[in-house]
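What follows is a set of notes on a single structure, which appears directly below.
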Amino acid sequence: MTKEYLLSADEIEPLAPNLGSCYASDAITVDGLKVGYMYREEPGNEADSGWRFFSGTESQEYADDPNNFEIYDVNTICNYDASIIPLLDSPPCCAFERHDGKLVEVEYEAEN
């Protein structure tokens, strides 16, 4: 099954280049929803930024299916939702959730 992304490669602008890779939900890149929950864990490798992006609408079943996620350059996700850019310098072990239209810091809960 081929995914149809909301933005084509030629629509991606350099909004926040050179930040590394991240994981993002298809709810953002395919369905076009804004980032509703994002967290940063310790990077898994040299290329990984540690950032993980969700719309906040994903069920546990959806989140458990790796086919609903892809690895992207962080800059790509910034093109889907530029409101994340001011938060990208936050250190690992942080999380943000959208409340009343704004992303605010929430308690970070590390996955085991």
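Tabulated results
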quantity: GluC sites (Glu not before Pro) lying in DSSP loop within the stretch 15-69, provided at most 11 other Cβ fall within 10 Å; calculated: Glu46
quantity: Semi-axis lengths, Å, the chain, gyration tensor of Cα atoms, sqrt of 5 times eigenvalues; calculated: 19, 17, 15
quantity: Placed amide H near Cys94: partners under 5 Å, 5+ positions off or other chain; calculated: Arg40
quantity: Over the chain, relative contact order from alpha-carbon pairs under 8 Å, at least 6 apart, %; calculated: 31 percent
quantity: Å³ per residue enclosed by the Cα convex hull of the stretch 1-67; calculated: 117 Å³
quantity: Accessible surface of the stretch 1-82 [probe 1.4 Å, protein heavy atoms]: carbon and sulfur percent; calculated: 49 percent
quantity: Accessible area of the stretch 1-105 divided out per residue, in Å², using a probe of 1.4 angstrom; calculated: 58 Å²
quantity: Integer Hz, Karplus 6.51/-1.76/1.60 couplings in order for the stretch 65-79, x for Gly and Pro; calculated: 9, x, 5, 8, 9, 9, 9, 10, 6, 3, 4, 4, 5, 4, 6
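The values are calculated or read from the model by the stated rules, or taken from the named source; none is laboratory data. All values derive from a computational prediction rather than experimental measurement. Cβ: placed from backbone, ideal geometry, glycine included. Neighbour counts: every protein chain shown. For accessibility, only protein heavy atoms count, side chains too; no ligands or nucleic acids. Shrake-Rupley method; radii C 1.70, N 1.55, O 1.52, S 1.80 Å.
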